[in-house]
1. Considering every residue within the stretch 113-128, establish whether at least one is away from ligand 2 (no atom under 13 Å from the Cβ), outside any helix (DSSP H, G or I) and touching a residue at least 24 places away in the same chain (Cβ under 8 Å).
2. Quick check on Lys187: is it modelled with pLDDT of 90 or more, surrounded by fewer than 21 Cβ atoms within 10 Å (Cβ to Cβ) and more than 16 Å from ligand 1 (Cβ to nearest atom)?
3. Among (1) in contact with a helix residue (DSSP H, G or I) (Cβ under 8 Å, 6 or more places away or on another chain); (2) open to solvent by 70 Å² or more (accessible area, probe 1.4 Å), there is one condition Tyr165 misses while meeting the rest; what is its number?
4. Out of everything in the stretch 129-138 that is open to solvent by less than 10 Å² (accessible area, probe 1.4 Å) and in a helix (DSSP H, G or I), what residue ends up being farthest from ligand 1 (Cβ to nearest atom)?
5. For the stretch 145-253, please list each of the helices (runs of 4 or more DSSP H) lying entirely inside it that holds at least 3 residues being of a type in the set (A, V, I, L, M).
6. For residues that are among the β-branched types (Val, Ile, Thr) and without any contact (Cβ under 8 Å) to a residue 40 or more places away in the chain, scanning just the stretch 192-214, find the one that is farthest from ligand 1 (Cβ to nearest atom).
7. Considering only residues that are surrounded by fewer than 11 Cβ atoms within 10 Å (Cβ to Cβ) and not in a helix (DSSP H, G or I), which ones fall in the stretch 37-71?
Amino acid sequence: MDRLLSSDNIQTFSFFVLVAVFGLLEKFRPAREINRWKDLKIDVLSFAIGVTLSRLCYPTIYNFCETHLPKDTLLIWHGVTDLPAAVKIGMALVATDFALYWVHRLQHSNAFMWRTHTWHHSIEELYWFSGFRTSFMHSFIYNIPQTIIPMFIFKLTPLEAGIGYSIGIFVQFWEHTNTDFNIGFLKYIFITPAYHRVHHSINIHNRNYGTTFSFWDRMFGTYHDPDLVPKDTKLGLGEELTPPKITRMLTGF
Ligand SMILES: [Zn+2]
Ligand SMILES: [Zn+2]
């Protein structure tokens, strides 16, 4: 049973459930008319590279941290390991999202960091699969807080981490899906697909950096109301993607 509940198995199972759920939602309730076949080849390639690299990055970062980080001193509060699993996972999600907000913001304000992120912003038609378009450097940089915070600060067990990462995969689908949802007052806590679409629009890259929670943008002055952006606003970088450019963007250098 323990083997069945390994972190990798939970994530793989979640992935296929989410493919079915978001695939059907987009088919029956699309936010925009899109041609998902247009960039499918490039997105499949990008996804395969991303998954392979994540599988390589995670143990590399984990082993590095285990060898070099001082034992236990990273715990914010020693009692944290005794908290109920749901509380620990929730706290780890908020802390990781806070770190990712600033990493993402830096990607838009620093020339080196922007190079790691242009591949993600080359998406011109958003749908659930397109969100996996991330460069090697992007995956590597994001893996650092995504490994250190849950595994070394909150010391989640493999099962708890598997649940946390599955929520992360859900968010990846959710924020890029081509469907609009009205989540009522929850929009003050969580981002929505329309919220993240603003960030992918050609002229408003420097707003709505949040990955899971919307309150960071409201708190730090980078929020842009999705209702103020025309529904058919153009997405992407507004530049032609040539093969040499794609290769450079894929690596993120
Ligand atoms: Zn961005
Ligand atoms: Zn995105």
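1. The answer is yes; a qualifying residue exists.
2. Yes.
3. (2)
4. Just the residues of the stretch 129-138 that are open to solvent by less than 10 Å² (accessible area, probe 1.4 Å), to begin with: 130-131, 133, 135.
Now narrow it down to the ones that are in a helix (DSSP H, G or I): 130-131.
Values: Ser130: 13, Gly131: 11 Å.
Among residues in the stretch 129-138 that are open to solvent by less than 10 Å² (accessible area, probe 1.4 Å) and in a helix (DSSP H, G or I), the one farthest from ligand 1 (Cβ to nearest atom) is Ser130.
5. 158-176, 243-251
6. Taking the stretch 192-214 as the starting set, the residues that turn out to be among the β-branched types (Val, Ile, Thr) are 192, 198, 202, 204, 211-212.
Going one step further and asking which of them are without any contact (Cβ under 8 Å) to a residue 40 or more places away in the chain, we end up with 192, 198, 202, 204.
Values: Thr192: 16, Val198: 11, Ile202: 12, Ile204: 10 Å.
My answer is Thr192.
7. Correct list: Trp37, Pro70, Lys71.
The values are calculated or read from the model by the stated rules, or taken from the named source; none is laboratory data. Computed from a prediction, not measured in an experiment: that's the story for all the values here. For neighbour counting, all protein chains shown are included, and Cβ atoms are generated from backbone atoms with ideal geometry for every residue, glycine included. In case anyone asks, the SASA skips ligands and DNA or RNA and just uses the protein heavy atoms, side chains included. Shrake-Rupley method; radii C 1.70, N 1.55, O 1.52, S 1.80 Å.
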